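See structure below.
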Amino acid sequence: MKQFGAFIKKEFYHILRDRRTVLIVLVMPVVLIVLFGFALSTEVRNVDIAILTPEPDRTIEQIADRLDASEYFTVRQWLRTPDEIDRVMKSGEIQMVIAFGPHFSGNVLTPDGSQMQLVVDASDSNMAQSYVSYASGIIADFSRELAATGGGQGIETQVQFLYNPQMKSAYNFVPGIMGLIMMLICAMMTSISIVREKEMGTMEVLLVSPVRPVYIVVSKMVPYFVLSCINLLTILLLSVFVLKVPVAGSLAALGLVSLIYIITNLSLGLLISTMAQQQVIALMFSGLLLMVPAIVLSGMVFPVESMPPLLQAISCIVPPRWYISAVRKLMIQGLPLIYAWKETVILISMAVVLIAASLKLLNNRLE
């Protein structure tokens with residue numbers, strides 16, 4: 001038993017000496033439970049909405065106050081003309097507009113009901129249905145309370161879904177799948193490819209060749225760039241002809257943003273490869289530090305607006321979040337590139353920073 005205890009003690013020493021093992025065994029479970037516990041939520045929170053009313057009205061203000069007082073919605077703007085709906089929806093500032101008709105006045109609850117319309121951005125069909133459900137519930141509660149005081153029978157609510165009137169789920173997951181596949185091909189496979197050369201001992205042979213080391217590394221990235229372009233074309237063809245998800249906007253703009261996103265992920269894979277010395281480590285970085293945030297924090301499945309402020313801040317450094325947002329605007333909503341300028345600038349900035357950091361680390365390793 002004494003020898004058995006010595007072996008156990010030795011194994012503990014081996015584990016505690018390896019910081020990566022301690023990180024995986026003790027720290028990673030805490031990170032994952034916090035991440036999944038707070039981010040994996042389909043509840044509606046902090047949804048930015050606007051109120052359209054041709055003229056001020058006390059009842060409309062009460063409905064707006066009731067919506068704003070809930071944890072689900074935040075009234076950001078008051079609109080006066082229907083033309084403003086198109087502007088705020090295209091800009092991405094507002095996810096839903098509560099539009100009241102010109103005859104919605106102080107005696108709104110007439111026997112035949114009073115009309116109002118919920119205009120919803122349905123590029124994310126799942127969340128659009130949730131927006132309507134939550135808003136309709138709040139308005140129905142207000143209507144019952146007002147009717148109980150003798151105000152009338154109730155409010156008639158109509159719904160208009162923009163960009164995806166058929167509410168097809170494919171409109172929602174196609175942008176997310178595009179971002180996920182290209183990150184998988186670009187970042188993960190690029191990092192493994194370079195690390196494989198290190199493990200086999202052939203990287204040193206390549207580095208002593210007359211070609212500059214930077215060109216050698218970039219040459220290993222080019223095949224994955226080409227494969228990612230082929231994957232992009234395949235996804236678009238399948239989306240249009242099989243899933244019936246049309247490219248509503250400019251194909252050239254969508255291709256430009258996609259190429260920037262591919263370069264960003266290739267740079268990310270290069271950065272991982274300069275830090276990792278083994279394929280297992282590269283896979284761990286790619287799998288845990290890229291794939292999990294890409295699925296959880298990108299808005300692909302779970303709305304970013306419903307996450308705690310800290311996770312929303314962390315999601316800002318996740319490239320798929322910006323790419324998926326840009327694809328929804330360009331491909332689903334059919335907006336011109338100018339409406340996706342923010343996402344495009346952020347992706348370009350990420351690519352520049354990642355390339356600079358990767359080359360810096362690579363030169364330090366070579367020295």
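The values are calculated or read from the model by the stated rules, or taken from the named source; none is laboratory data. The structure displayed is predicted, hence computed values, not measured ones. For neighbour counting, all protein chains shown are included, and Cβ atoms are generated from backbone atoms with ideal geometry for every residue, glycine included. Just the protein is used for accessible areas: all its heavy atoms, side chains included, with ligands, DNA and RNA removed. Shrake-Rupley method; radii C 1.70, N 1.55, O 1.52, S 1.80 Å.
Here is how the numbers come out for the structure above:
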read-out: Meets criteria (open to solvent by less than 10 Å² (accessible area, probe 1.4 Å), assigned to a loop (DSSP other than H, G, I, E, B) and either on the phi > 0 side of the Ramachandran plot or not basic (Lys, Arg) (or both)) for SER258; value: no
read-out: Lone qualifier among SER358, SER325, SER306 - being crowded, with 16+ Cβ neighbours inside 10 Å and touching a Lys or Arg at 6+ places or on another chain (Cβ under 7 Å); value: SER306
read-out: Cβ pairs under 6 Å, 6+ apart, first in region 325-351 and under 20 Å from GLU305 (Cβ atoms) and in contact (Cβ under 8 Å) with a residue 40 or more places away in the chain, second of a type outside the set (Ser, Thr, Tyr) and outside any helix (DSSP H, G or I); value: LYS329/LEU335; LEU335/GLY249
read-out: Residue under evaluation TYR215, criteria (1) touching a residue at least 40 places away in the same chain (Cβ under 8 Å); (2) out of contact with any Leu (no Cβ under 8 Å at 6 or more places or on another chain); (3) part of a helix (DSSP H, G or I); (4) under 22 Å from ILE192 (Cβ atoms), criterion not met; value: (1)
read-out: Residues (in contact (Cβ under 8 Å) with a residue 40 or more places away in the chain and surrounded by fewer than 18 Cβ atoms within 10 Å (Cβ to Cβ)) located in region 156-169; value: GLU156, GLN158, VAL159, GLN160, PRO165, MET167, LYS168, SER169
read-out: All positions within region 222-242 that are open to solvent by less than 70 Å² (accessible area, probe 1.4 Å) and more than 24 Å from VAL195 (Cβ to Cβ); value: LEU232, THR234, ILE235, LEU236, SER239, VAL240
read-out: Residues being in contact (Cβ under 8 Å) with a residue 40 or more places away in the chain and open to solvent by 50 Å² or more (accessible area, probe 1.4 Å) - total across region 58-86; value: 4
read-out: Positions within region 262-307 being among the polar types (S, T, N, Q) and within 20 Å of the chain's Cα centre (by Cα), in sequence order; value: THR264, ASN265, SER267, SER286, SER298, SER306
read-out: From the options MET116, MET89, residue that is at pLDDT below 90, among the aliphatic types (A, V, I, L, M) and over 28 Å from LYS342 (Cα atoms); value: MET116
read-out: Yes/no for VAL352 being over 30 Å from THR74 (Cβ atoms), in a helix (DSSP H, G or I) and out of contact with any Lys or Arg (no Cβ under 8 Å at 6 or more places or on another chain); value: yes
read-out: Selection status of ALA313, free of Cβ contacts under 8 Å to residues at least 40 places away in the same chain, under 24 Å from ILE94 (Cα atoms) and small (Gly, Ala, Ser); value: yes
read-out: Some residue of region 87-101 being surrounded by fewer than 20 Cβ atoms within 10 Å (Cβ to Cβ) and over 23 Å from ILE332 (Cβ atoms); value: yes
read-out: Residue match in region 296-308 (condition: assigned to a helix (DSSP H, G or I) and either among the basic types (Lys, Arg) or over 26 Å from PHE161 (Cα atoms) (or both)); value: no
read-out: Residue tally, condition over 11 Å from VAL195 (Cβ atoms), open to solvent by 20 Å² or more (accessible area, probe 1.4 Å), in contact (Cβ under 8 Å) with a residue 24 or more places away in the chain and of a type outside the set (Gly, Ala, Ser), over region 261-289; value: 5
